[in-house]
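Derivation of every value follows stated rules applied to the coordinates shown; laboratory data play no part. Just so you know, these numbers come straight off a predicted model, no measurement behind them. Cβ sites come from the backbone with ideal geometry, for glycine too, and all protein chains shown count toward neighbours.
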Amino acid sequence: MIDLRSDTVTKPSLSMREAAADAEVGDDVYGEDPTINELEASVADVLGMEAALFVPSGTMGNQIAARVHTERGQEALVEAESHIYKWELGGLAQHSELQTRTIDGGERGVVTPEAVAEGYVEADDHQAGTGLLCLENTHNSKGGTAIAAGRIDAAASAAHDRGVRVHLDGARLFNAAAALDVEASRLTREVDSVMCCLSKGLGAPVGSMLAGSEAFIEQAHRVRKLFGGGMRQAGMIAAPGVIALENRHRLGDDHANAERLAAGLDKLDGFSAQEPETNIVLVETDEPAEAFLDACEEQGVLGVPFGDHVVRFCTHLDADREDIEAAVRRVENR
Ligand SMILES: *Cc1c(COP(=O)(O)O)cnc(C)c1O
């Protein structure tokens, strides 16, 4: 089976499994797990932030950030197709009692300073006010678009000018950095916090990182406990993350494979594929997406529906060039 449903389907490598078995551990709730401390320090450094926190999932990282940055009842400005708004069970309302106000980021999911200015609400006797701006890079629902540093900076500055904090959902931040050919830390320069996933393109079995200032991470540590994410000898699951972090240097391979896949499918009758910016390929299908995916599955290729006539394929560590070329042939012969 060539599983291109998501970059989360990768299996931990032998070296990750060995690292898990050999990990030095301690009680992380007391801050005594050396492997976690090492991972947190490395990630903070790579992201250009003062400190970082290991969390079980990207969703928890985003939700902790929102809770730390805001007061109850405030508004969060979110992109209309963003993960934190659409795919986290309304967590901003459930965990942080926030109202959401959406910004339309257009075809590529870019939040402009003008849109921030327009969406901003000043607190007064009748309005709770805007407490947080959430950005996403790469933008998943828009097809893995890699949003340039200048765009992120501009939106963040517009928020800061109004006293609003900024959180960046960087589940695939390293894909954005690879596509834009910049350090990941360049993309986080103006934001107050960032979440990135170890368990997506980087290939770790579990875990995400939340990074920000020392003071922010101190609060995030408490909220992680509140949300039930305090962990004990979790160096066992952080050790593969240390190895996964190095995989950020090979994401260009996944992007090249995504281009191959898009070009291959686009040539076939009945398909039109956007040119991918990173590792996500969105394909428009003449036939209904569900029927197409059923036929693909019979041929041993998996994707996910992303609309009635849109399918998403995602390239990753466990699908090499041969797999991608085979996937195109199998789709053609379905
Ligand atoms: C996957 C994803 C998340 C959530 O990560 P989980 O580890 O699955 O909870 C958040 N934001 C974006 C953009 C994602 O793609």
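Let me have the relative contact order for the stretch 76-166, percent, based on Cα pairs under 8 Å that are six or more residues apart.
For the stretch 76-166, the relative contact order is 31 percent.
Which one, Gln233, Thr285, Asn333, is farthest towards the positive end of the dipole of the stretch 193-334 when Lys and Arg carry +1 and Asp and Glu -1 on their Cβ?
Gln233
Give me the Kirkwood hydrodynamic radius of the stretch 149-206, using the inverse of the mean 1/r over all pairs of distinct Cα atoms, in Å to one decimal.
Computed over the stretch 149-206, the radius equals 12.0 Å.
From the convex hull of the Cα coordinates of the stretch 1-61, what is the mean projected area in square nanometres?
Averaging across all directions leaves 6.0 nm² for the Cα convex hull.
What list of ³J(HN,Hα) couplings, whole Hz, do you get for the stretch 227-236 from phi and the Karplus terms 6.51, -1.76, 1.60, once you set θ to phi - 60° and write x for glycine and proline?
7, x, x, x, 10, 9, 7, 7, x, 4
Please report the equivalent ellipsoid semi-axes of the stretch 59-105, computed as sqrt(5 x eigenvalue) of the Cα gyration tensor, largest first, in whole Å.
15, 12, 9
If you take all C-alpha pairs in the chain, what percent of them are over 39 Å apart?
Roughly 14 percent, rounded to a whole number.
Based solely on its DSSP helices, what 222 nm [θ] is calculated for the chain when runs of n ≥ 4 H residues each add -39,500 (n - 2.57) and the sum is averaged over all residues, nearest 500 deg cm²/dmol?
-12500 deg cm²/dmol
Counting only DSSP beta bridges with both residues in the chain, tell me the antiparallel percent, nearest 5.
Rounded to the nearest five, the antiparallel share is 55 percent.
If you put +1 on each Lys and Arg Cβ and -1 on each Asp and Glu Cβ, how big is the dipole of the stretch 188-245 around its Cα centre, in Debye rounded to 20?
Computed charge dipole of the stretch 188-245: roughly 260 debye.
Relative to the Cα centre, what is the charge dipole magnitude of the chain, using +1 at the beta carbon of each Lys and Arg, -1 at the beta carbon of each Asp and Glu, and rounding to the nearest 20 debye?
Dipole size: approximately 360 debye.
List every residue whose amide H lies under 5 Å from the amide H of Arg101, counting only residues 5 or more places away in sequence or on a different chain, with H placed 1.01 Å from N in the peptide plane.
Here the answer is Ala76, Leu77, Val78, since their amide H atoms fall under 5 Å of that of Arg101.
On a C-alpha basis, how far is the centre of the stretch 178-207 from the centre of the stretch 58-88 in Å? Whole number, if you could?
Comparing the Cα centres of the stretch 178-207 and the stretch 58-88, I get a distance of 18 Å.
Just for the stretch 106-215, what percent of DSSP beta bridges are antiparallel, to the closest 5?
45 percent
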